[in-house]
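All remarks here apply to the structure that follows.
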Amino acid sequence: MSKKKKGGLLKFLAGIGIGVGAGVLLAPKEGSETRKELKAKIDELLENLKNVDKEEVKENIEKKIEEIQETIKSLDKETVLKIAKEKAKDVKKLSEDLLKYAKEKGTPVLQELAKDTKEKSIAVAKQVIAKLEEK
């Protein structure tokens, strides 16, 4: 592990120690009791620091960063546009199914509402795709 990364981890853990120390010092207790608790907390922190597997921490952080980068890459314009076009086809199909069902089972009012729904759904899908294509 590089000195810079070791130093960062140590600074982080030191910060935790300072925070614990400040909390203990600011607690409304007698000075000797506070110092005794502070020493115990610092000793506990140092003992826990010995057990930290720095390489494992580094590997886990690197893994999470790679996962974030891969997820961001999958959100590129072409992928989003492709998904939007597929979903637009789904919207059109579902709208057509709704209209067909309304014609078979419904009144002229239901048929008209289903037709309007289909047209508006398709129009919205086209607007989304147009916006994605222009960016």
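The values are calculated or read from the model by the stated rules, or taken from the named source; none is laboratory data. The structure displayed is predicted, hence computed values, not measured ones. Here the Cβ is made from the backbone with ideal geometry for all residues, glycine too, and neighbour counts use every protein chain on show.
Look through Lys118, Lys77, Lys93 and report the one residue that is modelled with pLDDT of 80 or more and exposed (fewer than 12 other Cβ atoms within 10 Å of the Cβ).
On the way: Lys118 fails: exposed (fewer than 12 other Cβ atoms within 10 Å of the Cβ); Lys77 fails: modelled with pLDDT of 80 or more.
It is Lys93.
Tell me whether segment 26-39 contains one or more residues that are modelled with pLDDT of 80 or more, not aromatic (Phe, Trp, Tyr) and not assigned by TED's automatic domain parsing to the domain that holds Ala125.
No, because not a single residue in segment 26-39 is modelled with pLDDT of 80 or more, not aromatic (Phe, Trp, Tyr) and not assigned by TED's automatic domain parsing to the domain that holds Ala125.
Every listed requirement among (1) farther than 30 Å from Leu132 by Cβ; (2) modelled with pLDDT of 75 or more is met by Leu49 save one, (2).
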